[in-house]
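The values are calculated or read from the model by the stated rules, or taken from the named source; none is laboratory data. Keep in mind that this is a model prediction, so the values were computed, not measured. Heads up, the Cβs are rebuilt from the backbone with ideal geometry, glycines too, and the neighbour counts pull from every protein chain shown.
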């Protein structure tokens, strides 16, 4: 098996930074045409210029279904049918339940759950059409170990990621028999911007401390795993993949 993705068309949401940006770079290096979806216009355009070649920057907010549909149309017009979708956009906003800002809950649900639903829906027809032609088609949902483990003050975030895990399993039951491989990639602690926007200063400081106590993952570690999974032979679905720092266990 090689990681040759020549001829494939990939969409990555949350491509402005972190895992999304690293995944875009890796899939492009492996030969795919890559569409970068993100809210920060300057970031996605800068990354597209850096990658070069068959790369497209599309400003899109996954929490807005009309925005995602418009982005899908833009990608399809430029590259044709999409056969790799990496639904990576996510937010993590920790706080004690009794004092949490409910606006932060809405943001996490809107991005981590609705964003994945809207992204999958916008591209599923492409994936099914590609699969019907006998070619590999992949829907990759980026979850988190937070969907399985318990972290105080992360209840709502963990609930959104548990939803990703069960969504993946149910979508596999729907689309696996039709040739679309649905995957859930669940990182542990990674050095990204995730959590930087949380308004609870104590939780933000605690997250920073956790990330300095052990040797955490790099975004490229997750990108490598995604690239490996989507390049597997068509008969193989790497359905659930947990990737954690060694010291995290």
Picking from 186, 174, 201, which residue would you name as being under 24 Å from residue 232 (Cα atoms) and without any contact (Cβ under 8 Å) to a residue 40 or more places away in the chain? 174
Would you confirm whether any residue within the stretch 228-240 is in contact with a helix residue (DSSP H, G or I) (Cβ under 8 Å, 6 or more places away or on another chain), in a helix (DSSP H, G or I), in contact (Cβ under 8 Å) with a residue 24 or more places away in the chain and closer than 20 Å to residue 113 by Cβ? no
Hey, can you tell me all the residues within the stretch 44-91 that are touching a helix residue (DSSP H, G or I) at 6+ places or on another chain (Cβ under 7 Å), assigned to a loop (DSSP other than H, G, I, E, B) and farther than 29 Å from residue 175 by Cα? 53
Any idea which of 173, 225 is surrounded by 13 or more Cβ atoms within 10 Å (Cβ to Cβ) and either at pLDDT 95 or above or assigned to a loop (DSSP other than H, G, I, E, B) (or both)? 225
So residue 6, is it touching a strand residue (DSSP E or B) at 6+ places or on another chain (Cβ under 9 Å), surrounded by fewer than 24 Cβ atoms within 10 Å (Cβ to Cβ), farther than 27 Å from residue 244 by Cα and free of Cβ contacts under 8 Å to residues at least 40 places away in the same chain: no
Look at the stretch 62-107 and say how many of its residues are surrounded by fewer than 13 Cβ atoms within 10 Å (Cβ to Cβ) and under 17 Å from residue 8 (Cβ atoms). 1
